[in-house]
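The values are calculated or read from the model by the stated rules, or taken from the named source; none is laboratory data. No experiment lies behind these values; they were computed from the predicted model shown. We place every Cβ from the backbone using ideal geometry, glycine too, and count neighbours over all the protein chains shown.
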Amino acid sequence: MDHWISTELPPFNAKHPLFLCVLSNTDTAKIPGVSAAGRSPDAIAYTPAADAELVTLGRTICSTEPPMTGNSPTPAVITRAVMQLTGMPFMFINSGLHIRPRIPLLDVDAKPGGDIRTGNAVVDTGLIYDNALELGRQIQRFSDFVVIGESVPGGTTTAMAVLQALGIDGRVSSSYLHNPVDIKQQVVAQAMERVGISFGGLSNEPMRAIECTGDPMMACVCGLVDGLEGTTSILAGGTQMMAVLALIKQLGITADVSIATTKYVAQDNTASFLDTVSALGYAAHVVDPGFEVSRNPGLRMYESGVVKEGVGAGGAMFAAGMMGVGQQELREKVEEICDQLFRV
């Protein structure tokens, strides 16, 4: 087997694997320069819905064009490839969308997130958590291995804010080639000033950290992992899920949980994925899809540092590797999906 996964693959004993992906929008994503998850600022609001449609249907309905970062396709193409190769069942969860995808959805009754600079980030944090907790408890009854991804434009900025509110010196990544760290830090500073806290000011109040500086996905994933206790769960994502891990730890949730991402996040020197996950005390898995030899120029651009991760791509690929899928097989399926998606 080719070595495209950083950690030794544990034996895959799961009989009922499941992929979940939590979808949220926030007004923080509308801040100029914060998110590259869309060809234009107007397109950013459609990205989570379009990602979900693409994974499910192989095409988008809510938007006339598939979600892109510059000229690179959304990581939803990777996630769709994994679902097709493994046959793993999957479900999407609406945790505060402005635009709903035209597919079946689970729902935790969340409202879209606000702009963390000007008002509370998440309304009804406790309700989202409790609904996700109940959902996790139900899923735990029929699944023994759950991969949890996310699609939240602007989510690395809310991740940075939550990490700083918790007092964790973690650096976040970006879908941009050049990480707009200064813009993000300015937004975070304004949010913390509004709340009246400094670094670590909410270290003992993780739910309030979500409410004041986070996004609705975070409350949902924390609740899910809590409800899935006894089931192996993998957080599928980069520094956004790193912030969720920090929240899980602060909330005292004891669960069999680890995190998986792409090499593009792990090797991002503007971020601190591996160091922060290790400091939190969790296992991290890193996957290399081998796009440097892809025949698709948009996928090859991932190697330069655009996009990096999203829609659970890293965790989905890790699960695929556990189920016996190789790097070349995965890459060729992703290329095939891109061919279908961008066929004129």
Discussion item. Looking at the stretch 106-121, can you tell me whether even one residue there is outside any loop (DSSP other than H, G, I, E, B), closer than 25 Å to D288 by Cα and of a type outside the set (A, V, I, L, M, F, W, C)?
Written reply: no
Response to the item:
Counted residues in the stretch 162-179 being more than 16 Å from the chain's Cα centre (by Cα) and not in a loop (DSSP other than H, G, I, E, B) come to 3
Practice prompt. Within the stretch 180-200, track down each residue that is at pLDDT 95 or above, crowded, with 16+ Cβ neighbours inside 10 Å and part of a loop (DSSP other than H, G, I, E, B).
Written response: I197
Practice prompt. Please indicate, with yes or no, whether at least one residue in the stretch 201-209 is part of a loop (DSSP other than H, G, I, E, B), in contact with a helix residue (DSSP H, G or I) (Cβ under 9 Å, 6 or more places away or on another chain) and of a type in the set (D, E).
Written response: yes
Worksheet item: Mind checking whether some residue in the stretch 280-293 is touching a residue at least 24 places away in the same chain (Cβ under 8 Å), among the β-branched types (V, I, T) and within 26 Å of L23 (Cα to Cα)?
Response: yes
Worksheet item: Would it be correct to say that V82 is outside any helix (DSSP H, G or I) and either in contact (Cβ under 8 Å) with a residue 60 or more places away in the chain or not hydroxyl-bearing (S, T, Y) (or both)?
Response: no
Worksheet item: Tell me, which helices (runs of 4 or more DSSP H) wholly within the stretch 226-344 include 1 or more residues that are under 14 Å from the mean Cα position of the chain (by Cα)?
Response: 239-250, 263-266, 273-280, 313-322
